[in-house]
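Every number here is computed from the coordinates shown, using simple stated rules; none is lab data. Just so it is clear, the model here is predicted, and its values are computed rather than measured. Quick reminder, even Gly has a Cβ in these numbers, built from the backbone with ideal geometry, and neighbours come from all protein chains shown.
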Amino acid sequence: LATGDVLRFVPLPFLPERGSFAMLEESRGYLFTGRFLSSLCTYEELNPVEGGDLEDVLIYTGFMAPSQDTLNRALKRINWEEVDSILPMFGNPVHSQERVKELFARLERGLLPVAFEVNDREVVLEVCNSLVAYLRDNMEASELQSFLEEFNQFAYLEDGKIVEPFVEPESLPPLILGLMYAKGINPTLIKHTIRHFYMAGIPLTI
């Protein structure tokens, strides 16, 4: 550039679009990543000075990256030792080489925190029921009733627990999330739901 700054463009195909790329400002170590390495956070959690929780970056990337192989190829194109700050399009930045190194290491290990067998019906129901219990404790009574009335089309509940799903159990997590979006549930509760399924190792798409 005329200012003497050097910008290096790093191709990141399919993260998330075919022509995606990141841009490294070499002298300062600022990596502008677009949607790649954005984070899942609410408005109240935005903190551009200190940054946010790396778990939020992992969750967002888990939704966006089409595969672990695609992600690994992208990470190999970026030398984390040259990066002092990751500045994404959405959510909080990641500051300091130490946190950048930790983020890259965790991404390379895999997008989901635990191995999960999606055909395990009982595991899915247990995870969904623990979420329903949380929602019962944290939603307004009228909002909860409206949510559960519509959710009854997907599963039979008894004493606040899913007893018999009317769809394949692995379909329940995205159905719950989609219904929460449709009902305009508090974003903090939606984020908790996404994190709840992520930490249980259940993949989602949003």
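How much of the DSSP bridge set in the chain is antiparallel, in percent, rounded to the nearest 5?
Details: 14 of 18 bridges.
Antiparallel bridges: around 80 percent, rounded to the nearest 5.
Quick one: Cα centre-to-centre distance for segment 41-92 and segment 154-206, in angstrom?
25
Counting pairs of alpha carbon atoms under 8 Å apart in space and at least six apart in sequence, what relative contact order in percent does the chain give? Mind showing how you got there, number by number?
Details: 292 pairs, mean separation 38.2, N = 206.
Normalised by residue count, the contact order of the chain is 19 percent.
Can you tell me which of 123, 163, 83 moves the most in a GNM of the chain? Springs connect C-alpha atoms under 10 Å apart.
163
Need the list of lysines near residue 183 for cross-linking: C-alpha distance under 18 angstrom, and skip anything on the same chain fewer than eight residues off.
Cα-Cα hits under 18 Å: 191.
Given 10 °C and 1.306 mPa s, how large is the Stokes-Einstein diffusion coefficient of the chain in µm²/s, with Rh as the Kirkwood radius over Cα pairs?
Details: Rh = 18.7 Å.
The diffusion coefficient I find is 85 µm²/s.
Among the aspartates and glutamates, which have Cα under 16 Å from the Cα of residue 76 when same-chain residues fewer than 8 positions away are ignored?
102, 108
Under the rule of -39500 (n - 2.57) per DSSP H run of 4 or more residues, summed and divided by the residues of the chain, what mean residue ellipticity at 222 nm is obtained, to the nearest 500 deg cm²/dmol?
-13000 deg cm²/dmol
With only Lys, Arg, Asp and Glu charged, each at its Cβ (+1 for the first two, -1 for the last two), find how big the charge dipole of segment 97-206 is about the Cα centre; round to the nearest 20 debye.
Numbers: 10 positive and 17 negative charges, 122 e Å.
Dipole about the Cα centre, nearest 20: 580 debye.
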